[in-house]
Amino acid sequence: MAIARSLERKIEQLVEGVGARLFGGGVDVLEVASRVVREADLNITYDAVGPVAPNHFDVHVSGGDTSSSSRLNEVVEEAARENGWRLKGPADVVIIVDKSVTSGSVAVESSIVPGHRPAWGYLESVRDQRRIPVRMNRALVGRSRAADVVLADLEVSRGQAILWTEQGAVWLYDIGSANGTAVNGRRISDATRVNDGDLLRFGTAEFQLRIT
């Protein structure tokens, strides 16, 4: 995977200020960050709503400071937002000092560890002021209890639409629902960019989108 230049710049900004070489043997934080993102991309799987990336990473290095894990967590989250990946739990990068690793090299292992994710947006009901959090990227919106964003309205399909972030924007796509999905009164049939404050209609249920 060649990391897109826009994402590479964001990764550089996220690790800026962290010591240039923390892991010994000439391995720097930017190199480790890039390796983690490549590992995520190489282990993408697909489910009904799109690409799913690993969210847990064990990074084996020969030595050095392990305090940069929080910055690397931010790198994974940014990569997911930029690429439209679904993470089933919070990003968790663990730096492991491993004497079996050759100086100057990095070994990365990835896995999916489901867990609670913070909300990146909300759907605020126009009808009754409900405020429903959107936690997953590529969130399935629908009436089914298996949906990521459950809308308890009979006019909403069990699986209505997908809401996600990608390339610096938020997108909405109707997945063939019976009663349709609309943005600001206009019914949509293709992936449509949506913005904070837009009025989204799922069947007859109307919600205002709030992006945190």
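The values are calculated or read from the model by the stated rules, or taken from the named source; none is laboratory data. From a predicted model like this one, the values you see are computed outputs, not experimental measurements. We place every Cβ from the backbone using ideal geometry, glycine too, and count neighbours over all the protein chains shown. Accessible surface areas use protein heavy atoms only, side chains included; no ligands, DNA or RNA. Shrake-Rupley method; radii C 1.70, N 1.55, O 1.52, S 1.80 Å.
From largest accessible area down, sort I132, I211; use a 1.4 Å probe on the protein chains.
On the way: I132 25, I211 60 Å².
Ranking I132, I211 by accessible area, largest first, yields I211, I132.
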For the D47, A119 Cβ pair and Förster radius 22 Å, calculated FRET efficiency rounded to 0.05 is 0.60
I need the shape label for the stretch 112-212. Rule: rounded when a/c is under 1.5, else prolate if a/b > b/c, else oblate, with a, b, c from the alpha carbon gyration tensor. rounded
Counting helices only, and only those DSSP H runs with n ≥ 4, report the 222 nm mean residue ellipticity of the chain as the sum of -39,500 (n - 2.57) divided by its residues, in deg cm²/dmol to the nearest 500. -6000 deg cm²/dmol
Can you pull the percent of the chain's accessible area that's carbon plus sulfur, 1.4 Å probe, other chains left in place? 47
If you take the C-alpha gyration tensor of the chain, multiply each eigenvalue by 5 and take the square root, what semi-axes do you get, largest first, in whole Å? 39, 15, 14
Beta bridge orientation in the stretch 43-169: antiparallel %, DSSP, nearest 5: 65
Which value, in Å² and to the nearest 10, is the accessible area of R135 when all protein chains are kept and the probe is 1.4 Å? 90
Between 0 and 90 degrees, rounded to the nearest ten: what's the tilt of helix 5-15 against the longest Cα principal axis of the chain? 60
With only Lys, Arg, Asp and Glu charged, each at its Cβ (+1 for the first two, -1 for the last two), find how big the charge dipole of the chain is about the Cα centre; round to the nearest 20 debye. 600
